[in-house]
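S.K.: Take this structure, written in structure tokens, and hold onto it; I'll ask about it next.
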């Protein structure tokens, strides 16, 4: 008895599937009608033109640059061919001005380096940064030093070496 019931159920399922297939066929036919029959040709391919990069001689835009003049000079630079003076062997921090001396119109400073005393005047050099003495007074020695910055450029800076005063108690300031 169950067999007889299954047969009509299977027929009903198959009938519903055929109607869906008919609907699908009709949809495809209707869709084909709205499509254009002619396809436009592809555009012509342009030939490849090689590009020659000529910027290898230009400076890299991502690296900092120095501004240089066309003649290649004009900046501050020490005279590296000049004969060194004895006090240029010492850093300025190790030199002490301990007094002054005047002979005629020339004012001299007495400078101690380690255990030795030196007499210097305007125009002499001292310190390891090409320090040119620009003035000697009773209170200090004024210097113009030429130092190199991190970019390799030379720059001037003013320095002074003050007089080392004794306090009278054996201590020095």
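S.K.: How many of the residues in the stretch 109-139 are surrounded by 15 or more Cβ atoms within 10 Å (Cβ to Cβ) and either out of contact with any strand residue (DSSP E or B) (no Cβ under 8 Å at 6 or more places or on another chain) or not assigned by TED's automatic domain parsing to the domain that holds residue 97 (or both)?
M.R.: Number of matching residues: 1.
S.K.: Out of (1) farther than 23 Å from residue 78 by Cα; (2) assigned to a strand (DSSP E or B), the odd one out for residue 138 is which?
M.R.: Exception for residue 138: condition (2).
S.K.: Here's a follow-up. Starting from the stretch 58-85, take each residue that is modelled with pLDDT under 75 and list its partners that are outside any loop (DSSP other than H, G, I, E, B) and surrounded by 10 or more Cβ atoms within 10 Å (Cβ to Cβ), counting only C-beta distances under 8 angstrom and pairs at least six apart or across chains.
M.R.: Listed by first residue and then by second, the contacts come to 75/154.
S.K.: Looking only at the stretch 107-146, which residues are on the phi > 0 side of the Ramachandran plot and touching a residue at least 40 places away in the same chain (Cβ under 8 Å)?
M.R.: Start the filter on the stretch 107-146 by keeping residues that are on the phi > 0 side of the Ramachandran plot, which leaves 114, 123, 127, 130.
Result: 127, 130.
S.K.: Restricting attention to the stretch 141-173, which residues are over 17 Å from residue 100 (Cα atoms), in a loop (DSSP other than H, G, I, E, B) and modelled with pLDDT of 80 or more?
M.R.: Of everything in the stretch 141-173, just one residue is over 17 Å from residue 100 (Cα atoms), in a loop (DSSP other than H, G, I, E, B) and modelled with pLDDT of 80 or more, namely 153.
The values are calculated or read from the model by the stated rules, or taken from the named source; none is laboratory data. In this text, all values refer to a predicted model and were calculated from it rather than measured experimentally. So basically every Cβ, Gly included, is an ideal-geometry build from the backbone, and we count neighbours across all protein chains shown.
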